[in-house]
Amino acid sequence: MGWWLNSGVWTMSMIIIIISSVQADSPYRFLDWRVTYGNIYPLGIPQRGILINGQFPGPEIYSVTNDNLIINVHNDLDEPFLLSWNGVQLRKNSYQDGVYGTTCPIPPGKNYTYAIQVKDQIGSFFYFPSLSLHKASGGFGGLRILSRPLIPVPFPEPAGDFTFLIGDWYSRHDHKTLKAFLDRGHKLPLPDAILINGRGVSFSSSLTVQKGKTYRLRISNVGLQHSLNFKIKGHHMKLVEVEGTHTVQSMYSSLDIHVGQSYSVLVTMDQPENDYPIIVSTRFAARELVVGAALHYSNSRQSLSSASTVEHQHQHPGDEVDWSIKQARSIRSNLTASGPRPNPQGSYHYGQINISKTLVLESSAGLVRRKQRYAINGVSFVQADTPLKLADYFKIGGVFKVGSIPEKPTRGRRGIRLDTAVMGAHHRDFLEIVFQNREKILQSYHLDGYSFWVVGINRGTWSVASRREYNLRDAVSRSTTQVYPESWTAVYVALDNVGMWNLRSEFWARQYLGQQFYLRVYSPVPSLRDEYLLPNNVFLCGRASNRHITP
Ligand SMILES: *[C@@H]1O[C@H](CO)[C@@H](O)[C@H](O)[C@H]1NC(C)=O
Ligand SMILES: *[C@@H]1O[C@H](CO)[C@@H](O)[C@H](O)[C@H]1NC(C)=O
Ligand SMILES: *[C@@H]1O[C@H](CO)[C@@H](O)[C@H](O)[C@H]1NC(C)=O
């Protein structure tokens with residue numbers, strides 16, 4: 001199996017060092033990754049991309065529930081670099097989250113070895129570069145966590161299992177130019193294309209299948225901003241998994257996939273042996289972009305070439321928000337199916353737990369000192385000189401203040417304030433988070449370290465009465481949710497994972513310009529049962545540079 005790296009390059013002492021911070025009784029997978037610039041040709045013409053081991057998109061990570069992934073990342077770029085793991089919960093271990101607030105960047109020419117455990121998780125996720133606008137140039141890849149043997153999966157083993165990384169793409173600007181736009185105070189220009197697994201020319205890629213067989217497709221939106229619709233002409237998709245939850249298996253003719261989200265579907269090849277377009281198109285967008293890949297039956301005589309045009313129309317007339325909300329509400333957990341453990345996913349009755357606190361998070365956009373900024377509850381996040389998690393660990397004062405972002409929007413105050421926004425929360429609290437969107441665009445939010453139950457989605461303004469329409473029985477549990485224009489989304493989350501966790505807009509320009517904060521899930525009595533020690537291979541930077549890690 002290709003992903004098993006020869007462990008001979010690892011010295012014993014290194015392995016011991018790393019093992020001390022992850023669980024020693026589960027299998028290890030060692031990966032050695034080199035991050036470089038290189039020419040890529042997503043639209044046929046050369047562009048500078050960010051490659052991992054020469055690949056764009058990067059290599060896919062295969063793992064099984066509870067595996068320890070030891071990933072040595074060598075940064076050969078000319079800029080600091082970090083990878084983050086979208087949807088991987090990193091239990092007790094926010095040090096390995098690879099975002100600005102948790103981890104010092106890997107300096108150019110240096111390497112850092114992530115040690116992460118995919119504890120108690122299954123499903124389809126992805127990794128991505130979290131700093132700057134690196135994501136606009138590549139550096140992302142799929143990450144799948146398979147069920148352990150003997151844990152039942154609620155559908156037969158598919159004949160094949162394929163990853164589709166889809167996302168909007170800039171062919172005329174790389175991450176440095178895009179970052180420069182934002183740093184000068186401008187908004188991002190509209191993207192040029194959509195890529196499917198790194199290809200943006202229609203039908204330049206194909207998936208070969210056999211008639212009569214059923215395949216699993218894992219689809220993640222790894223783009224910067226646009227919601228995308230995914231469909232396969234002539235075929236229906238049976239939804240089976242969303243970000244680690246086995247869903248009620250319903251049929252869909254197309255799926256809306258918002259930035260940062262991942263879905264698994266089963267598709268049965270029950271049509272005449274031809275080629276069929278797999279169509280990915282923008283939704284809720286100012287300009288429509290479309291790309292196709294070919295679904296190629298092995299005995300097909302009729303092939304789609306890049307000369308074929310993508311015939312495409314949305315088959316769902318009427319309001320695209322209404323249509324999409326209806327689809328979002330239809331996505332539910334299968335309560336009797338097993339998740340990462342043999343017991344059914346419905347055994348945790350989230351609807352019967354008392355809420356300890358309600359957060360209402362409202363975004364806004366505006367100018368601060370004549371530069372574009374984005375905020376949550378009036379606070380636009382700015383990075384401190386030291387990762388917040390390290391400041392906490394070494395008890396370095398003055399880096400951030402807990403409570404620097406309010407838990408509800410402050411009515412009447414319309415301005416935007418810059419701050420290193422950190423919200424405090426208690427370990428074992430049970431939160432209700434309402435994402436209120438008064439803006440006219442669709443948004444997508446992600447919480448690191450957790451998955452949450454999406455209990456309600458509707459148009460308009462949330463109020464206490466909105467709780468009456470919550471799904472308290474079989475809501476889907478996931479880590480990324482959309483919030484429709486001038487609408488709200490409510491989620492429940494059990495704060496069972498101590499750490500410093502990033503809550504952010506998945507629209508990368510908004511995240512970069514402040515629409516994010518950190519949720520500091522805190523236990524007053526530090527205990528190794530609740531949180532690991534700082535791994536002793538981490539880089540120290542900022543005001544933590546001169547500190548010593550005591551094992
Ligand atoms: C960098 O990689 C080398 C092996 O190539 C390894 O010995 C070293 O521990 C790594 N450094 C970190 C910080 O992980
Ligand atoms: C839910 O999961 C069970 C157990 O694996 C399975 O038998 C059933 O078909 C699934 N139901 C739906 C509606 O997906
Ligand atoms: C929830 O709160 C109610 C009223 O305060 C209380 O009676 C009940 O026992 C609580 N339930 C749980 C599960 O803590």
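The values are calculated or read from the model by the stated rules, or taken from the named source; none is laboratory data. Computed from a predicted model, the values in this text were never measured in an experiment. Because the Cβ atoms are built from the backbone with ideal geometry, glycine has one as well, and the counts that use them run over all protein chains shown. Calculation scope for accessible area: heavy atoms of the full protein, side chains included, ligands and nucleic acids excluded. Shrake-Rupley method; radii C 1.70, N 1.55, O 1.52, S 1.80 Å.
Calculate the all-directions average of the projected area of the chain's alpha-carbon convex hull, and give it in nm². Before the final figure, lay out each step's value.
Values: hull surface 98.5 nm².
Projected over every direction and averaged, the Cα hull of the chain covers 24.6 nm².
If you average over every viewing direction, what projected area does the convex hull of the Cα atoms of the stretch 12-146 give, in nm²? Mind showing how you got there, number by number?
Values: hull surface 32.7 nm².
Computed as one quarter of the Cα hull surface, the answer is 8.2 nm².
Just report the Cα centroid separation between the stretch 194-213 and the stretch 446-481, whole Å.
34
Would you kindly state how much longer the chain becomes between residue 440 and residue 341 on full extension, computed as 0.36 nm times their sequence separation minus their alpha carbon distance, in nm to one decimal? Could the numbers behind the result be given before it?
On the way: separation 99, 0.36 × 99 = 35.64 nm, distance 4.09 nm.
Extending this stretch completely gives an extra 31.5 nm.
Go through 433, 353 and list them by solvent-accessible area, largest first, probe radius 1.4 Å. Don't jump to the answer; show the numbers that get you there.
Details: 433 0, 353 60 Å².
Ranking 433, 353 by accessible area, largest first, yields 353, 433.
Taking 30 Å as R0, compute the FRET efficiency from the Cβ-Cβ separation of residue 326 and residue 302 and round it to 0.05. Please report the intermediate quantities before stating the final value.
Numbers: r = 35 Å, r/R0 = 1.15.
Plugging the Cβ-Cβ distance into 1/(1 + (r/R0)^6) gives 0.30.
Given labels modelled 7 Å from the Cα in the Cβ direction, how far is it in nm from residue 208 to residue 159?
1.3
Round to a whole number: what % of the accessible area of the chain belongs to carbon and sulfur, probe 1.4 Å? Present the calculation step by step, with values, prior to reporting the outcome.
Values: 11130 of 21620 Å².
Here carbon and sulfur together make up 51 percent of the probe-accessible area.
How big is the stretch 160-315 by the Kirkwood estimate over distinct Cα pairs, in Å? Intermediate results must be reported in sequence, preceding the final value.
On the way: mean 1/r = 0.0612 Å⁻¹.
About 16.3 Å for the stretch 160-315.
For the stretch 345-535, what does the accessible surface come to per residue with a 1.4 Å probe? Please give it in Å². Walk me through the numbers before you get to the answer.
Values: 7530 Å² over 191 residues.
Here the per-residue accessible area is 39 Å².
Between the stretch 391-422 and the stretch 484-509, what is the separation of their alpha carbon centroids in Å?
Result: 16 Å between the Cα centres.
So, R0 is 35 Å and r is the distance between the beta-carbons of residue 78 and residue 370; what FRET efficiency does that work out to, to 0.05?
Values: r = 30 Å, r/R0 = 0.84.
Efficiency, rounded to the nearest 0.05: 0.75.
Testing the spin-label approximation: label points 7 Å from Cα along Cα→Cβ at residue 407 and residue 26. State their distance in nm.
Output for this residue pair reads 3.2 nm.
Would you please give the FRET efficiency between residue 472 and residue 146, computed as 1/(1 + (r/R0)^6) with r the Cβ-Cβ distance and R0 = 35 Å, to the nearest 0.05? Mind dumping the intermediate values first?
Values: r = 30 Å, r/R0 = 0.87.
Once the sixth-power term is evaluated, E becomes 0.70.
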